[in-house]
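I have a structure here, written as structure tokens, and I will follow up with some questions on it.
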Amino acid sequence: MNKHVDFSRLERDWGIVVLAQDYLPIEYKRSYQVALDAQPTLAVGPGSSGVPALFTTYVDPEVIRVLQAPNEGADILGERKEGDWTTQTAMFLVVENTGEVSSYGDKNNVGMSDANATFPQRQSYLFQTIIEYGDLEQERMAKAKLNWVSEKQMSSALTLSKFQDYTYHNGVLGLQNYGLLNDPALSAPLSPATKAAGGVTWITGAGVINATANEVYADIQALFNKLVAQTMGRVKKNDDLTLAMSPGSDVALTSTNSFGVNVMDLLTKNFPKLKVKTSPRYATGAGNVVQLIADRFDGQDTGFCSFNEKSRDHAIVRELSAWKQKKTAGSWGAVIRYPAAVAQLLGV
């Protein structure tokens, strides 16, 4: 449009009325440099509701794992393989040297030395788990950048190891398969001194330290005294010792006495080779358990956690539009060869 057009002539000669110019500053009216066309329609379809949320959503590529209780049985007692998955019974050779003396006499035939051999046994327990995944299932998960088959393989390994750890602590009911916490050859547990006197346990139900540093240390001293008595003094305070307990009970070791010395300070000073290890399975329905274990007795390991099969992957079975695979493992539980080298406390 020519900027010198006379708007009065447009109205008079052509019937075009430009009302918008009445609202412009006078200098714009005179220069006619602003287009005064009517506002066109912006869209033919329905009005926009904004960008779909999908396009403004960020997916973090890092997979967040749900936390589970750690497996600690093998770390506390050690672990070894015995036999294989075909083995049903494990037999251990135990020899006891016996003898008696008598007063000497040239013709006296009294007095005898001998050996006694026993063959304690353990029974294995085989257990299994199965993973399944469909063709469509894994392809849909791939759209979310998830290797779904790998995730299920990881789940199967974790499931087997979790149950393996359970047997290391509790064995398998109905079999000669026992754990760290329930081997029938273990001596009866002590009660905390504070609890026996009608006092408190180490930790309250709310997780608050409920015993003094001196009380906690006295209970551990009682465990060591029992260990010395059970082994006829073979266990010494400078030996390699393991103090096993629940993570909650472990908190009580930070309790400090009136001299600013906590329980761990006292343990480190008096038992230089003592190791403190924790397992959530020491928090039992009957109360928290604490065990003091001499790692070796008479030159041999006190015991070990044992398996006959860690993880056996069976054949992958193809179905019409899916796959299946079975995984198998086996456990002997915890084989404690020297029960006298373990002392325990119940109810802390």
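The values are calculated or read from the model by the stated rules, or taken from the named source; none is laboratory data. The structure presented is a predicted model; accordingly, all values stated were derived computationally and were not measured. For neighbour counting, all protein chains shown are included, and Cβ atoms are generated from backbone atoms with ideal geometry for every residue, glycine included. These accessible areas exclude ligands, DNA and RNA; they are computed on the full protein's heavy atoms, side chains included. Shrake-Rupley method; radii C 1.70, N 1.55, O 1.52, S 1.80 Å.
Please compute the alpha carbon radius of gyration of region 75-230, then divide it by the globular-protein estimate 2.2 N^0.38 Å. Two decimals is fine. Could you put the intermediate results ahead of the total?
Values: Rg = 26.3 Å, N = 156, 2.2 N^0.38 = 15.0 Å.
Normalised Cα radius of gyration, region 75-230: 1.75.
Given labels modelled 7 Å from the Cα in the Cβ direction, how far is it in nm from Glu79 to Thr98?
A separation of 3.9 nm, rounded to one decimal place.
Then there's this: Can you send over the carbon and sulfur percentage of the accessible area for region 262-348, probe radius 1.4 Å, protein chains only?
Values: 1890 of 3700 Å².
For region 262-348, the apolar C and S fraction of the accessible surface comes to 51 percent.
Restricting to Cα atoms and excluding each atom paired with itself, what does the Kirkwood estimate give for region 195-332 in Å?
Details: mean 1/r = 0.0557 Å⁻¹.
Averaging 1/r across every pair of different Cα atoms and inverting gives 18.0 Å.
A follow-up question, please. Quick check: convex hull over the Cα atoms of the chain, volume per residue in Å³, rounded to an integer?
Working: hull volume 115.9 nm³, N = 348.
It comes to 333 Å³ per residue, whole-number rounded.
Evaluate E = 1/(1 + (r/R0)^6) for Met91 and Met154, where r is the Cβ-Cβ distance and R0 equals 56 Å; express this FRET efficiency to the nearest 0.05. Spell out each step's value before the answer.
Values: r = 36 Å, r/R0 = 0.64.
Computed FRET efficiency for Met91 and Met154 comes out at 0.95.
At 1.4 Å probe radius, can you tell me the per residue accessible area of the chain in Å²? If you can, show how the numbers build up before the last one.
Numbers: 21860 Å² over 348 residues.
Solvent-accessible surface per residue comes out at 63 Å².
Per DSSP helix of 4 or more residues, -39500 (n - 2.57); summed, then divided by the residues of the chain. What does that give at 222 nm, rounded to the nearest 500? Mind showing how you got there, number by number?
Values: 8 runs with 78 residues, N = 348.
Counting only the DSSP helices, I get -6500 deg cm²/dmol.
I've got another one for you. Taking all protein chains as present, what is the carbon and sulfur share of the accessible area of region 48-105, in % to the nearest whole number, probe 1.4 Å?
Working: 2840 of 5030 Å².
Carbon and sulfur atoms account for 57 percent of the accessible area of region 48-105.
Taking loop as defined by DSSP and a crowding limit of 13 other beta carbons within 10 Å, which trypsin sites (Lys or Arg not before Pro) in region 241-292 fit?
On the way: sites: Lys269, Lys273, Lys275, Lys277, Arg281; in loops: Lys273.
For trypsin sites (Lys or Arg not before Pro) across region 241-292 that sit outside H, G, I, E and B with at most 13 neighbouring Cβ atoms in 10 Å, the list reads Lys273.
Tally Lys/Arg at +1 and Asp/Glu at -1 over every other residue whose Cβ is under 11 Å from the Cβ of Ala340; what's the total? Could you put the intermediate results ahead of the total?
Working: positive: Lys226, Arg234, Arg337; negative: Asp298.
Surrounding charge for Ala340 is +2.
Continuing with this model, one more query. If you average 1/r over all unlike Cα pairs in region 251-339 and invert the result, what Kirkwood radius do you get in angstrom? Please list the in-between numbers first.
Values: mean 1/r = 0.0560 Å⁻¹.
Taking every pair of different Cα atoms in region 251-339, averaging 1/r and inverting gives 17.9 Å.
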